[in-house]
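Values quoted throughout were computed directly from the atomic coordinates according to the rules given, and no laboratory measurement underlies them. Given the structure is predicted, the values throughout are model-derived calculations rather than measurements. Heads up, the Cβs are rebuilt from the backbone with ideal geometry, glycines too, and the neighbour counts pull from every protein chain shown.
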Amino acid sequence: MAIKFAEEFPKDLNRTDIFPTPVWSAQAPEHIKQLNKYSDPYIVASKKHFKPMIDKRNKEYGNKKDMGHVFHSTTLIQDENFMAFHQYVTLTSRNLLIEMGYDLSKFDVTLTESWVQEFAKAGGGHHTLHTHWNGHISGFYFLNASECTSKPVFHDPRPGHAMNGLPLKSTTEITYGSPEVHYKVKPGTLIFFPSYLPHLFSVDVGYEPFRFIHWNVQAIPKPNKIGV
């Protein structure tokens, strides 16, 4: 007997979402003024460091001011002014890893990198697509940002999907087929995400200041205690 496909096969299918990638965000504008103040000396030092090469470039090729530069601080980890912020980042990252389903009983969660950066006033600042190796949770806290500044863009971490993607019905909605997601940020926006998630910063046009703190957190195995 021939199978009546439309009548005898199930019409309602159960869906299970597997291999999801979380991105957490919140608004914390109450810390902007203080953390901006603490960040200022680092940005001033970075601009001083880059000034000779910027002046040399402008003399040789034409004056574009600081266009295209990203002023990157040295590490903030040893600075006591950022201690409370770093404690929050570290503890929150640990909680988020547990939320993801990881057993951290044999791991210490440690802040491994923290820095502040500011994009050029003349525009052109950006970051190309990358991940953070040997890390587990990364994040941003935006000190200066607006609708007309750069935006963080997250890309689908699945190579297979990037290879076999299809045209989307809508590029303005976040769907299972979205190859990338643009986040709108403002001063006080706080974002945490798994360090394996590829991300970039779109080209900033220099209309308004753009500054943020970036960090990486790692779960490090605890030393084995012999005889315990």
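Excluding Cys148 itself, what net charge comes from residues whose Cβ is under 12 Å from its Cβ, given Lys and Arg +1 and Asp and Glu -1?
Numbers: positive: Lys151, Lys184, Lys186; negative: Glu147, Asp204, Glu208.
Surrounding charge for Cys148 is 0.
So what are the ³J(HN,Hα) numbers for region 14-31, from phi and the Karplus equation (6.51, -1.76, 1.60; θ = phi - 60°), rounded to whole Hz, Gly and Pro as x?
7, 10, 10, 7, 10, 6, x, 10, x, 10, 9, 9, 7, 10, 9, x, 5, 9
Which of these values of Cα extents along the principal axes in Å was calculated from the structure shown: (i) 54, 34, 31; (ii) 84, 60, 33; (iii) 43, 40, 32?
(ii)
How compact is region 102-228 by the rule of thumb for globular proteins, expressed as Cα Rg over 2.2 N^0.38 Å?
Values: Rg = 17.7 Å, N = 127, 2.2 N^0.38 = 13.9 Å.
In units of the globular-protein estimate, region 102-228 measures up at 1.27.
Work out Dmax and Rg for region 4-75 from the C-alpha atoms and quote the Rg first, both in angstrom.
26.7, 78
Could you please state, rounded to a whole Å, how far the C-alpha centre of region 139-153 is from the C-alpha centre of region 197-222?
Each part's Cα centre sits 9 Å from the other's.
Compute the acute angle (0 to 90°) between the alpha-carbon long axis of helix 32-61 and the principal axis of greatest extent of the alpha-carbon atoms of the chain; round to the nearest 10°.
Tilt of helix 32-61: around 70 degrees.
Compute the orientation-averaged projected area for region 175-228 from the convex hull of its Cα atoms and round it to one decimal in nm². Please report the intermediate quantities before stating the final value.
Values: hull surface 29.1 nm².
The Cα convex hull of region 175-228, projected and averaged over all directions, gives 7.3 nm².
In terms of modelled amide H atoms, which long-range or inter-chain residues lie less than 5 Å from the amide H of Thr112?
Asn216, Val217, Gln218
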